[in-house]
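Take a look at the structure set out below.
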Amino acid sequence: MFQDRTRNVEIVGDGVMPINGHNTYLPIGDSPQWILNDTYPDRTRRQTPYLYHIPTGRRVDPGHFYLPPEYQGE
């Protein structure tokens, strides 16, 4: 996590969020509590969205979903 307009950097989810996905921070109160993220498709085209609970370091995978081949690249 980068703090805007500073050089402060904090590693979030080390070992639990090993691949950069599409992060969305879900704040509760004054600070982010959850991160919604996803993985890129694996060899079988399965993609996994997941929630990461920042205070406890827990990852929750709600499921694995097939991504059709026509959805490739950027």
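Among the residues of the stretch 38-60, count how many are outside any strand (DSSP E or B) and of a type outside the set (A, V, I, L, M, F, W, C).
Step one: filter the stretch 38-60 for residues outside any strand (DSSP E or B), giving 39-45, 48, 54-57.
In the following step, the residues that additionally are of a type outside the set (A, V, I, L, M, F, W, C) were identified as 39-45, 48, 55-57.
Looking only at that region, the number is 11.
The conditions are (1) more than 26 Å from GLN72 (Cα to Cα); (2) among the hydrophobic types (A, V, I, L, M, F, W, C); (3) in contact (Cβ under 8 Å) with a residue 12 or more places away in the chain, and MET1 fails exactly one of them. Which is it? The failed condition is (3). Among residues of the stretch 21-55 being of a type in the set (A, V, I, L, M) and closer than 29 Å to PRO68 by Cα, the one that is surrounded by the most Cβ atoms within 10 Å (Cβ to Cβ) is ILE35. Could you tell me whether PRO18 is surrounded by 11 or more Cβ atoms within 10 Å (Cβ to Cβ) and under 14 Å from the mean Cα position of the chain (by Cα)? No.
Return the residues of the stretch 42-74 that are among the hydroxyl-bearing types (Ser, Thr, Tyr) and within 11 Å of the chain's Cα centre (by Cα); say none if nothing qualifies. It would help to see each step written out before you state the result.
Taking the stretch 42-74 first, the residues among the hydroxyl-bearing types (Ser, Thr, Tyr) are 44, 48, 50, 52, 56, 66, 71.
Listed by number, the residues that qualify are THR48, TYR50, TYR52.
Would you check if there is a residue in the stretch 16-33 being among the acidic types (Asp, Glu) and at pLDDT 90 or above? Scanning the stretch 16-33, I find no residue that is among the acidic types (Asp, Glu) and at pLDDT 90 or above, so the answer is no.
I'm checking my understanding of the structure. Among residues of the stretch 15-37 that are of a type in the set (Gly, Ala, Ser) and assigned to a loop (DSSP other than H, G, I, E, B), which one is farthest from GLU74 (Cα to Cα)? It would help to see each step written out before you state the result.
Applying the first criterion (of a type in the set (Gly, Ala, Ser)) to the stretch 15-37 yields 15, 21, 29, 31.
Now restrict to residues that are assigned to a loop (DSSP other than H, G, I, E, B): 15, 21, 29.
On the way: GLY15: 25, GLY21: 12, GLY29: 34 Å.
Top of the filtered list is GLY29.
The values are calculated or read from the model by the stated rules, or taken from the named source; none is laboratory data. Predicted model, so just to flag it, every value in this text is computed and none were measured. Heads up, the Cβs are rebuilt from the backbone with ideal geometry, glycines too, and the neighbour counts pull from every protein chain shown.
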